Amino acid sequence: MDIVLAVLERGDIAYEIEFERTSEPPFELRVPSHIGGAAVVDVFDLVDASEWPVLLRYAFSECVPAVMGSPDDLNAEDLGGVDL
């Protein structure tokens, strides 16, 4: 399994996350908000992929409400065969 390091920047704060490499770099990452808690997610837009597939840089875009039960947040296999 190949791992990609992503640097997420929000103002003066930056932190790193690792995720499994995909065929293309994600243009957007959504992560639980460290400010708004479970009710919102922070959206980060890709700003630099020049070091792909080793390192990606993302900048904060917006905070959006978390939608509980959306296909993005749930693994359909864990829902007992429910089609989403």
Check your understanding: Out of the residues in region 29-59 that are modelled with pLDDT of 95 or more and within 10 Å of the chain's Cα centre (by Cα), which is surrounded by the fewest Cβ atoms within 10 Å (Cβ to Cβ)?
Key -> D45
Practice item. Report the residue count in region 4-26 for those that are in contact (Cβ under 8 Å) with a residue 40 or more places away in the chain and open to solvent by less than 70 Å² (accessible area, probe 1.4 Å). Key: 6
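The values are calculated or read from the model by the stated rules, or taken from the named source; none is laboratory data. On a predicted model such as this, the values are computed, not experimentally measured, just so you know. In this analysis, Cβ positions are derived from the backbone assuming ideal geometry, glycine residues included, and neighbour counts consider all displayed protein chains. All accessible areas refer to the heavy atoms of the entire protein, side chains included, with ligands and DNA or RNA removed. Shrake-Rupley method; radii C 1.70, N 1.55, O 1.52, S 1.80 Å.
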